[in-house]
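What follows draws every value from the coordinates through simple rules; no lab data is involved. Only a predicted model underlies this, so the values are computations on that prediction, with no experimental measurement involved. Reconstructed Cβ throughout: ideal geometry from the backbone, glycine too, with neighbour counts over all protein chains shown.
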Amino acid sequence: MTLITSRSRELKNQPFTAERSTEVCCELAKEFEDKGEYEAARKVLSAQWRGIGERPKLSGLEPSTAGEVLLRAGTLTGAIGSKNQIGEAQEIAKNLITESLTIFQSLSYRKKIAEAQTELALCYWRTGEINEARDLLQETLSRLTVDSELRGKAILRLAIVEIEASQFNKALSILTEYAPLFQKINNQTLKGSYYVTLGNVLERLWETEKRSTYLDRALVEYAAASYHFERAQHRSYLANVKNNLGFLYFKINRLEEAHQHLDHARRILVNLKDSGTVAQVDETRACMFLKQGRLTEAEKAARLSVRSLEKSGRHTLLAESLITHGRALARLGNRSAALFAFRRAIGLAEHNGSLNRASEAALAAFQELGEHLAVTEGRQFIAGRGLSEQIQSFEHELIKRALENAQGSVTHAARSLGMSYQALSYMLETRHKDLLPQRTPARRRPRKDQ
């Protein structure tokens, strides 16, 4: 019998007072949180809190218990909202956790103050407010002078904040300095989180500095994280690590190992009914199938990803999957469907203000459709379909840079852009005539005498 099962039976069978019953519900909800079972935690709290957007019932509770209910409701709102991409969830979570923090401060509960600040910092990180998250965590760590699981959690979140800020060496320094603390901690989830965070920063350093030692270490740390998450029975975190490993193996062209890890991640996520993350795994698998030339499998995986994300409302991820689906369709010869996918990706990216993603979709269309796009669409793809001037500018700069690097050779520039000579020539002669002087004159072949 697991601890959570035991506590659930205790809650049902013991004649608790209302106050004690609420305390036990909060304790049990926190145990579910630590396992990543957020929906189970919400159900445990259902007598006090019905879910995101609902005000917890605090009437008749002692201040300390009311503060705990608010903290648990806020933490779960942030976690569930992040997982399901629920708008305004993080702001709601911030308000609940801040209210709990105010109560704990009035009671001078130092440990609960630190816990609330650590959870609040996570909400700020999720909304991209990096400086606020960093300030809260640094203040928290200044008070947590004794090694503990709570101190370890705050350290990990500070490292994650530095990774988000692209301060990779700073994050590595933090994780290295506090390695002895995580060696002593018995919490398997926290240990796994340490190793996966360390793997993340080492992977980023490998990408920026191209040092193979970072890559080797990242693979080792991810493997260690998998071990500890398996011991903790934290299935969602284990799936995330497998997904990370799969993507990393994809980057280094070890595709069979990549497929193994992604398949493992997908099985876990399907069992957890986490369709959003399943869709992201499918998109990665589609990219790998494309790289291997397995076009039918790539199209199927990308199509599954698109269908799932269409139901989720996660438009940025949907645009990415549409680009991959468009590539697969184009290489299978289904150009009309490919063009439709690229246009949808551009529209979604523009709607969400993601210029880089919109530019990526436009470039993918040029690369994959080439002369077909030029002959059948003319200027309509660029001018008649709502593409912004900024994206046209992106295309202009891309071609200009390619010509400069190729010293004016259209053939070499086209090759570097992944398109044909004819497609690039058409674009120069119709949309970017100002770049024509940068091309080297085309050499005429001497005619043979008849």
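So which lysines can residue 311 reach, going by Cα to Cα under 23 Å and dropping same-chain residues fewer than 8 places off? Within the straight-line cut-off, residue 311 pairs with 83, 273, 300. If the chain linking residue 291 and residue 88 were pulled fully straight, counting 0.36 nm for each residue of separation and taking away their Cα-Cα distance, it would gain 69.3 nm. Rounded to the nearest angstrom and listed largest first, the equivalent-ellipsoid semi-axes of the chain from its Cα gyration tensor are 50, 23, 21.
Straight-line cross-link partners of residue 57 among the lysines, defined as a Cα under 16 Å from its Cα and at least 8 positions apart when in the same chain: 43. Axis of helix 235-251 versus longest Cα principal axis of the chain: the two differ by about 30°, to the nearest ten degrees. Of all the options 433, 400, 273, the one that moves most in a Gaussian network model of the chain with Cα springs shorter than 10 angstrom is 433. Largest GNM mean-square fluctuation across 213, 316, 296, computed for the chain with C-alpha springs under 10 Å, falls on 213.
Going by neighbour counts of Cβ atoms within 10 Å, the residues 72, 134, 327 line up, fewest first, as 134, 327, 72.
Taking label points 7 Å from Cα along the Cα-to-Cβ direction, residue 27 and residue 145 give a separation of 3.0 nm. The order of 216, 282, 274, going from fewest to most other C-beta atoms within 10 Å of their C-beta, is 216, 274, 282.
Reachable lysines from residue 112, Cα under 18 Å, same-chain residues fewer than 8 places away excluded? Of all the lysines, those that pass the test against residue 112 - Cα under 18 Å, at least 8 places apart if same chain - are 30, 94, 153.
If a/c stays under 1.5 just call it rounded; otherwise compare a/b with b/c (prolate if a/b is bigger, oblate if not). Do that for region 110-181, with a ≥ b ≥ c from the square roots of the Cα gyration tensor eigenvalues. It comes out oblate by the Cα gyration axes.
Between residue 183 and residue 430, the C-beta separation translates, for a Förster distance of 60 Å, into a calculated FRET efficiency of about 0.40. Expressed as an acute angle from 0 to 90° and rounded to the nearest 10, what is the orientation of the C-alpha long axis of helix 168-177 relative to the principal long axis of the chain? The angle comes out at about 30 degrees. In the chain, the longest principal axis of the Cα atoms and the axis of helix 188-209 are about 30 degrees apart. Among 59, 308, 64, a tally of other beta-carbon atoms within 10 Å of each Cβ gives an order, fewest to most, of 59, 64, 308. Can you bin region 152-227 into rounded, prolate or oblate? Criterion: square roots of the alpha carbon gyration tensor eigenvalues sorted a ≥ b ≥ c, rounded for a/c under 1.5, prolate for a/b above b/c, oblate for the rest. It comes out oblate by the Cα gyration axes.
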